[in-house]
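Structure record follows, encoded as C-alpha cells.
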Amino acid sequence: MTPASTTLVTDALNWRYATKKFDASKRIPADTWSALEKALVLSPSTMGLQPWKFVVVQDAAVRKRLSAASWGQSQPVDCSHFVVFAGRKGLDTTDIERHLARTAEVRGTTRESLTGFAEMLHGGTEKSRKAGVLDFWMAHQVYIALGMFITAASVLGIDTCPMEGFEPAQYNEILGLSAMGYGALCACAAGYRAGDDKYATLPKVRFRPKDVIVHV
C-alpha cells in the first residue's frame, strides 16, 4: 500500500463537522456507499469479537419514526443514508464460538488449533460478565466503528452527523433490535450538507494540541 499524503486525513477532518442540515436531494453514489459499508466491516474490536450490528435504514416511513424518536431532529429523514449502531447484549458462548469458527474458516485452520485463543476469549468475557461490565465493554467497541465510519466518510468527501440524541428503547422497538439481542447505542446520518447549513462555516473549536496530548 502506497502511503497517502500526510495532509489527506487532517484536511478531511478539518473539513468535516457534525452536519445539522442535509441536502435531501443528494444521494451518495453506490460505489462510495459500498466503500463506507466495508469500512464498517473492517472496524477493529476487542479480540476481534465484532459485537455489533449496523442497521442501514432506507425505508422513508421507518426513518420518519426514527426522526420522531430523535426528538424531532431532521437528519434521519433528510440524509442520504442513516446508520444505527447497535451493540450485542449479553454476549455469550455462542457468539464466541461463531467468531472462532469464522477465524478458522478465514485463516484455513481448525477450531482445535485455536484452543488457547478460545480460552482467552471465554475467560476474559466471563470475568467481565461476573463483574457486571460485559455489555459496557462491548458497547465501547461500537464507538470504535462509529469513529472509523466518520473518518472514512470524511476522506471520501461525505458529510456525517453522529447522533446520541434519541430514545434507545424506541429505536430498539422500531428496528426490532431487542429481539435480535442488540441495543441501539448511537446513529450516524451520512450525505451532503445543505448550502444554507450555518454550522458548515463556523470555525472548528478544539483545544490546542499541547493541552490534550501528553508525551512521556
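The values are calculated or read from the model by the stated rules, or taken from the named source; none is laboratory data. Since we're looking at a predicted model, the values are computed, not measured. A quick note on method: Cβ atoms are made from the backbone with ideal geometry, for glycine too, and the neighbour counts reach across all protein chains shown.
Within the range 91-142, which residues are of a type in the set (Lys, Arg), under 19 Å from Val41 (Cβ atoms) and surrounded by 12 or more Cβ atoms within 10 Å (Cβ to Cβ)?
The initial filter retains those residues of the range 91-142 that are of a type in the set (Lys, Arg), namely 98, 102, 107, 111, 127, 129-130.
Remaining after also requiring under 19 Å from Val41 (Cβ atoms): 98, 102, 107.
The answer is Arg98, Arg102.
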Residue by residue through the range 34-47, note down the ones that are free of Cβ contacts under 8 Å to residues at least 60 places away in the same chain and either surrounded by 13 or more Cβ atoms within 10 Å (Cβ to Cβ) or touching an Asp or Glu at 6+ places or on another chain (Cβ under 7 Å) (or both). Glu37
Pairs under 6 Å by beta carbon, first residue under 13 Å from Phe82 (Cβ atoms) in the range 49-62, partner surrounded by 13 or more Cβ atoms within 10 Å (Cβ to Cβ) and of a type in the set (Phe, Trp, Tyr), six or more apart or different chains? Val57/Phe82
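Can you find a residue in the range 201-212 that is within 16 Å of Gly87 (Cα to Cα) and either of a type outside the set (D, E, K, R) or modelled with pLDDT under 95 (or both)? Step through it out loud before you land on a result.
Initially, the range 201-212 is screened for residues within 16 Å of Gly87 (Cα to Cα), giving none.
Looking for residues that are within 16 Å of Gly87 (Cα to Cα) and either of a type outside the set (D, E, K, R) or modelled with pLDDT under 95 (or both), one finds none in the range 201-212, hence no.
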List the helices (runs of 4 or more DSSP H) that sit entirely inside the range 124-216 and contain at least 3 residues that are over 15 Å from Lys89 (Cα atoms). 134-155, 168-175, 209-212
Tally of residues being more than 15 Å from the chain's Cα centre (by Cα) and surrounded by fewer than 16 Cβ atoms within 10 Å (Cβ to Cβ) across the range 143-164: 1
